[in-house]
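The values are calculated or read from the model by the stated rules, or taken from the named source; none is laboratory data. Remember, it's a predicted structure, so these values are computed and weren't measured experimentally. Glycine also receives a Cβ, built like all others from the backbone with ideal geometry; neighbour counts cover every protein chain displayed.
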Amino acid sequence: MKIGIIGTGNVGSALGKGWAGQGHEVVFGTRQPESEKVQTLLAEMGQGVTAVSIPSAIEQADIIVLATLWNAVSDVAHAVNNWQGKIVIDATNPIAPGFQLAVGHTTSAAEQLATFLPGASVVKAFNSTGAENMVDPRYNGEPTTMFICGDDADAKATVTELAEALGFDVADVGNLEAARFIEPLAMVWINLAFKQGLGRNIAFKLVRR
């Protein structure tokens, strides 16, 4: 698969490194592909990983991961005119100042994103845990859980495959409107990690009996 990752922060870098290590072709979309920061990132990842402009990454890839701040999503969505047939993984969280959710109850960031991207299949994933867990999601040898949702079953199957390849156990929460539940779950992780002082090496796990 050719995966375009928009954003070169901790989450985008962790996902890119993981998938590149499994042989996927990874291209980062960034405003400054020639910057020292981006070139250092590429050098760390080795061959087969490139960085281009945001529109070019979107046009090249079959799967797009949005790993940006929420306030950058609209600009990314309008960077190209044609999203037809793309699988878009929404890894963003709509966080307002003061670590509050900017949207909720009657909509979600993922649902709003879908309205920006006609013809794309949006799947919410990789937003409810920290980047360290994307590098290594196993605790005591057991996989932790990645919660996903979306309206397209085939797109969710693809995202499930990508998440399981990283080492996650995947829980499908339902249609895209279930992002209204998954996005607040990210705030639980943030509050535990930072406000409650548990640190970033914590994760959620769905257990079954």
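See the values below:
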quantity: Unmet requirement for N140, which otherwise passes all of (1) touching a residue at least 24 places away in the same chain (Cβ under 8 Å); (2) within 27 Å of G199 (Cα to Cα); (3) polar (S, T, N, Q); calculated: (1)
quantity: The range 187-209, subset part of a loop (DSSP other than H, G, I, E, B) and modelled with pLDDT under 95, residue nearest to V122 (Cα to Cα); calculated: R208
quantity: Residue among A125, A109 that is within 17 Å of the chain's Cα centre (by Cα) and under 22 Å from A20 (Cα atoms); calculated: A125
quantity: Checklist (1) over 12 Å from the mean Cα position of the chain (by Cα); (2) closer than 19 Å to N191 by Cα; (3) modelled with pLDDT of 95 or more applied to G150, failing item; calculated: (2)
quantity: Pair list, Cβ < 7 Å and 6+ apart or interchain, from the range 184-199 residues that are more than 18 Å from P94 (Cβ to Cβ) to residues that are part of a helix (DSSP H, G or I); calculated: L198/L192; G199/A193
quantity: Residue match in the range 129-151 (condition: more than 21 Å from K17 (Cβ to Cβ) and aliphatic (A, V, I, L, M)); calculated: no
quantity: Residue in the range 49-63 that is assigned to a loop (DSSP other than H, G, I, E, B), at pLDDT 95 or above and hydroxyl-bearing (S, T, Y) present; calculated: yes
quantity: Hits in the range 161-186 (condition: over 15 Å from A110 (Cβ atoms) and either touching a helix residue (DSSP H, G or I) at 6+ places or on another chain (Cβ under 9 Å) or assigned to a helix (DSSP H, G or I) (or both)); calculated: E161, L162, A163, E164, A165, L166, G167, F168, D169, V170
quantity: Some residue of the range 102-116 being farther than 23 Å from I190 by Cβ and in contact with a strand residue (DSSP E or B) (Cβ under 7 Å, 6 or more places away or on another chain); calculated: yes
quantity: Flag for V26 being surrounded by 13 or more Cβ atoms within 10 Å (Cβ to Cβ), over 29 Å from D152 (Cα atoms) and touching a residue at least 12 places away in the same chain (Cβ under 8 Å); calculated: no
quantity: Sole exception among (1) over 15 Å from the mean Cα position of the chain (by Cα); (2) of a type outside the set (A, V, I, L, M, F, W, C); (3) closer than 25 Å to E111 by Cα for N140, by number; calculated: (3)
quantity: Members of the range 178-209 that are buried (at least 17 other Cβ atoms within 10 Å of the Cβ) and of a type outside the set (A, V, I, L, M, F, W, C); calculated: R180, E183
quantity: The range 106-160, residues that are among the hydroxyl-bearing types (S, T, Y), outside any loop (DSSP other than H, G, I, E, B) and surrounded by 15 or more Cβ atoms within 10 Å (Cβ to Cβ); calculated: S121, T145, T158, T160
quantity: Which numbered condition A163 fails, given (1) touching a His at 6+ places or on another chain (Cβ under 9 Å); (2) crowded, with 17+ Cβ neighbours inside 10 Å; calculated: (1)
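Listed here are the residues, each with its yes/no results for (1) assigned to a loop (DSSP other than H, G, I, E, B); (2) touching a Pro at 6+ places or on another chain (Cβ under 7 Å); (3) surrounded by 14 or more Cβ atoms within 10 Å (Cβ to Cβ); (4) on the phi > 0 side of the Ramachandran plot.
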| residue | (1), (2), (3), (4) |
| --- | --- |
| I5 | no, no, yes, no |
| G16 | no, no, yes, no |
| P33 | yes, no, yes, no |
| T40 | no, no, no, no |
| N71 | no, no, no, no |
| V76 | no, no, yes, no |
| N81 | yes, no, no, no |
| V88 | no, no, yes, no |
